[in-house]
Amino acid sequence: MATKLTKLLHIKYPIIQAPMFLVSNVSMVTEAMKGGIAGCIPALNYRTLDELRAALKQLKSNKVEGGSFGFNLIVNKSNLKYKEQLRVICEEGCDFIITSLGSPEETINQAHQVGIKVFCDVVDLKFAQKVEALGADAVIAVNNEAGGHRGNLSPEMLIKELVAHCKIPIISAGGVGTKADIDKMLSYGAEGVSVGSPFIASLEAGVTDEYKQACIDYGEKDIVVTERISGTPCTVINTPYVQKIGTKQTWLESVLNKHKKLKKWVKMIRFSIGMRATEKAATQATYKTVWVAGPSIEHTHEILPVKMIIEKLVN
């Protein structure tokens, strides 16, 4: 399964264990590296810079041949910690950074100075060409089957369009739960895949057993898109609580989001409220169950170690 991604990150299989808010942790990424793939953690999973630095040091000491690790940065103004997180990551070092929701220019410039590769989330050709021009090492093509913040295009349409017009590697994100799915994405021209939801129900994931069990009990048909988490459409499991609160923004948010000067602050407030809600649902037993996941939970049937999930994906 050698591809440009395996060569770029020196990994055995062309798979990135996707960064998942609250879910991803050092244990998961360590097992990912042992399994011959790359693992990634959102920097926002750490409340303080000291905790982020400690995680970087631990992963460096845990690194094995054939594995790779990185961190995800939200690079827009909603993440007030962004610049300091980037500084710490560049000081300690990792193999790659994945940028989301903003311009990656500053990240690319600083990361490349210390030998860190930068992959950028994109949902269309226009943004892919922008980040390629800025010097990105690869793009993460987020399609309409992704979990969390997803794109609008199908995997086939998005991958083929990017492959036809971009020179850097295309890594597909969304719609992968089996080996057949990986083969399909590679057949479209992708150099690898980013896989998240199948790893939620892992022994190492840092979330409640209720969240993990939900990924077993619910399936593809139970995934809905909500505007109530971050202000940007996000996929969640359609639990009774989600049905109760609805998936559309409030009428007040709708009005304020049309105001040129206020919409930035409205989004920041919604992002803060939504993140607190998902954190409670992921880490505590609560009836307010807002569980982020993608359609690929359709293939999750039991809670397994990360090692076995990787084996199922590659065999």
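The values are calculated or read from the model by the stated rules, or taken from the named source; none is laboratory data. No experiment lies behind these values; they were computed from the predicted model shown. Methodologically, a virtual Cβ is constructed for each residue, glycine included, from the backbone with ideal geometry; neighbour enumeration extends over all protein chains shown.
Any residue that is assigned to a helix (DSSP H, G or I), in contact (Cβ under 8 Å) with a residue 40 or more places away in the chain and within 24 Å of ALA138 (Cα to Cα) - is there at least one of those in the range 65-77?
As a first pass, look at the range 65-77 and keep what is assigned to a helix (DSSP H, G or I): none.
Within the range 65-77, none of the residues are assigned to a helix (DSSP H, G or I), in contact (Cβ under 8 Å) with a residue 40 or more places away in the chain and within 24 Å of ALA138 (Cα to Cα).
Determine whether the range 191-200 contains at least one residue that is free of Cβ contacts under 8 Å to residues at least 60 places away in the same chain and assigned by TED's automatic domain parsing to the domain that holds VAL306.
Let us first name the residues in the range 191-200 that are free of Cβ contacts under 8 Å to residues at least 60 places away in the same chain, namely none.
No, there is no match, as no residue in the range 191-200 is free of Cβ contacts under 8 Å to residues at least 60 places away in the same chain and assigned by TED's automatic domain parsing to the domain that holds VAL306.
Considering the range 5-29 alone, what residues qualify as being crowded, with 22+ Cβ neighbours inside 10 Å and of a type in the set (S, T, N, Q)?
Passing the criteria: GLN17, SER24.
Please state which one of ALA54, ALA2, ALA32 is under 23 Å from ALA190 (Cα atoms) and surrounded by fewer than 24 Cβ atoms within 10 Å (Cβ to Cβ). Working first, answer last.
Details: ALA54 fails: under 23 Å from ALA190 (Cα atoms); ALA32 fails: surrounded by fewer than 24 Cβ atoms within 10 Å (Cβ to Cβ).
The unique qualifying residue is ALA2.
Taking the condition at pLDDT below 95, among the β-branched types (Val, Ile, Thr) and in the same structural domain as LYS160 (by TED's automatic domain parsing), does VAL118 pass? Lay out the reasoning, then the answer.
On the way: at pLDDT below 95: no; among the β-branched types (Val, Ile, Thr): yes; in the same structural domain as LYS160 (by TED's automatic domain parsing): yes.
No; evaluated as a whole, the condition is false for this residue.
For the range 89-100, what are the residues that are without any contact (Cβ under 8 Å) to a residue 40 or more places away in the chain and either assigned to a strand (DSSP E or B) or buried (at least 17 other Cβ atoms within 10 Å of the Cβ) (or both)? Break it down stepwise before answering.
Residues of the range 89-100 that are without any contact (Cβ under 8 Å) to a residue 40 or more places away in the chain, as a first pass: 90-94, 97, 99.
If the condition is that a residue be without any contact (Cβ under 8 Å) to a residue 40 or more places away in the chain and either assigned to a strand (DSSP E or B) or buried (at least 17 other Cβ atoms within 10 Å of the Cβ) (or both), then CYS90, GLU92, CYS94, ILE97, THR99 are the ones that fit.
If I ask for residues that are out of contact with any helix residue (DSSP H, G or I) (no Cβ under 6 Å at 6 or more places or on another chain) and surrounded by fewer than 24 Cβ atoms within 10 Å (Cβ to Cβ), which ones from the range 140-164 would you list?
Residues satisfying the conditions are ASN144, HIS149, ARG150, GLY151, ASN152, LEU153, SER154, GLU156, MET157, LYS160, VAL163, ALA164.
State whether the residues of the range 14-23 include one that is under 19 Å from GLU311 (Cβ atoms), assigned to a helix (DSSP H, G or I) and at pLDDT 95 or above.
Taking the range 14-23 and keeping what is under 19 Å from GLU311 (Cβ atoms), we get 14-18.
Checking which are assigned to a helix (DSSP H, G or I) leaves us with none.
Checked the range 14-23: no residue is under 19 Å from GLU311 (Cβ atoms), assigned to a helix (DSSP H, G or I) and at pLDDT 95 or above.
Does any residue of the range 43-64 turn out to be under 24 Å from SER197 (Cβ atoms), in contact (Cβ under 8 Å) with a residue 60 or more places away in the chain and in a loop (DSSP other than H, G, I, E, B)?
No - not one qualifying residue is present in the range 43-64.
Just the residues that are over 26 Å from VAL26 (Cα atoms), surrounded by 22 or more Cβ atoms within 10 Å (Cβ to Cβ) and touching a Lys or Arg at 6+ places or on another chain (Cβ under 8 Å), please, taken from the range 165-205.
Within the range 165-205, just PRO169 meets the criteria.
So is LEU101 modelled with pLDDT under 95, on the phi > 0 side of the Ramachandran plot and in contact with a strand residue (DSSP E or B) (Cβ under 7 Å, 6 or more places away or on another chain) or not? Give the steps one after another, and end with the answer.
Values: modelled with pLDDT under 95: yes; on the phi > 0 side of the Ramachandran plot: yes; in contact with a strand residue (DSSP E or B) (Cβ under 7 Å, 6 or more places away or on another chain): yes.
Considered against the rule, which asks whether it is modelled with pLDDT under 95, on the phi > 0 side of the Ramachandran plot and in contact with a strand residue (DSSP E or B) (Cβ under 7 Å, 6 or more places away or on another chain), LEU101 comes out as yes.
Please count how many residues of the range 124-170 are assigned to a helix (DSSP H, G or I) and under 22 Å from ASN72 (Cα atoms).
Step one: list which residues in the range 124-170 are assigned to a helix (DSSP H, G or I), which gives 125-134, 155-165.
Subset that is under 22 Å from ASN72 (Cα atoms): 125-134, 155, 158-159, 162.
Selection size over the range 124-170: 14.
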